[in-house]
Amino acid sequence: MHAIGGKIIKLRYMKILKLPKRKILPIISLLLCLVCITSCKDRLYSVGKGPSMIPGLLPGDFVYIEKATKYDYGDIVVFDNNDGFRSIFRVAGIPADTIGMDDYICIINGKKNGYNMMGRRELDIGSRCPFEVKILKEEFPNGNKYEIYIELNIDLSNIEIIDSFNPLYIPENSYFVLGDFRNSAKDSRFRGMIPYEKIKGKVIKITLLTD
């Protein structure tokens, strides 16, 4: 059976080689596309419509991710949720850390992250009326700095906000993640720690930016 199958494949291969170049090139292009789709399907991720990672990522962005043996402060990671969907947030706490929060700024191992006030700006997202955000640049223990947004004059009647909490211990092989838009993200403050095995990878390249 294997010999017969091998002969059939060989004959088909020889027939393809005898085709004119104008017919071979589309076949090669199709095969390359199939290989690319197969190899990239679990490494290319589309950011959802929510604003939780603004300004680091915009809704509709495409990012390329890569699995790592461990993740560090500031890495943007894609992970599986218990509901079968995937989310994308920034690593704020690593295994064996204690992490707390004071007015949206992280307190890691008893030390509050440094930060600078960068100003304010008006955002216009989707069907929402324009609203104002405060911009802070937060510095993590490894020296990496990232801008975070905090919506001002927010209506607290219909949403739950966690701007401060007491220190929590992060178990081994787990991570604490936060959204860059701090009061518009359902991150580890609401869903808890993220186990390493649920993380698909960290963002290594933004392949497409929306306007």
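The values are calculated or read from the model by the stated rules, or taken from the named source; none is laboratory data. Everything quoted here is computed from the prediction, not taken from an experiment. Because the Cβ atoms are built from the backbone with ideal geometry, glycine has one as well, and the counts that use them run over all protein chains shown.
Things to note:
- Those residues of region 95-127 which are among the β-branched types (V, I, T) and out of contact with any Pro (no Cβ under 9 Å at 6 or more places or on another chain), in sequence order: I105
- Test: residue in region 88-97 that is in contact with a Phe, Trp or Tyr (Cβ under 9 Å, 6 or more places away or on another chain), within 24 Å of G50 (Cβ to Cβ) and surrounded by fewer than 20 Cβ atoms within 10 Å (Cβ to Cβ): no
- Matching residues in region 62-93 - criterion: being at pLDDT 95 or above, of a type in the set (D, E) and either under 9 Å from the mean Cα position of the chain (by Cα) or in a strand (DSSP E or B) (or both): D75
- Assessment of region 155-162 against the conditions (assigned to a loop (DSSP other than H, G, I, E, B), among the acidic types (D, E) and farther than 24 Å from R43 by Cβ) yields at least one matching residue.
- Any hit, region 123-139, residues being under 16 Å from D75 (Cβ atoms), of a type outside the set (S, T, Y), in the same structural domain as D75 (by TED's automatic domain parsing) and assigned to a loop (DSSP other than H, G, I, E, B): no
- When each of D75, D83 is tested for being surrounded by fewer than 19 Cβ atoms within 10 Å (Cβ to Cβ) and not hydrophobic (A, V, I, L, M, F, W, C), the lone residue that passes is D83.
- For beta carbons closer than 6 Å, sequence separation of 6+ or different chains, a first residue in region 148-159 that is assigned by TED's automatic domain parsing to the domain that holds G74 and a second that is basic (K, R) and surrounded by 14 or more Cβ atoms within 10 Å (Cβ to Cβ), the qualifying pairs are I148/R182; I150/K134; I150/R182; L152/K134.
- Against the list (1) at pLDDT below 90; (2) part of a strand (DSSP E or B); (3) surrounded by 14 or more Cβ atoms within 10 Å (Cβ to Cβ), the condition K205 fails is (3).
- Positions within region 156-197 being touching a strand residue (DSSP E or B) at 6+ places or on another chain (Cβ under 6 Å) and within 24 Å of L58 (Cβ to Cβ), in sequence order: Y175, F176, V177, L178, G179, D180, F181, R182, N183, D187, S188, I194
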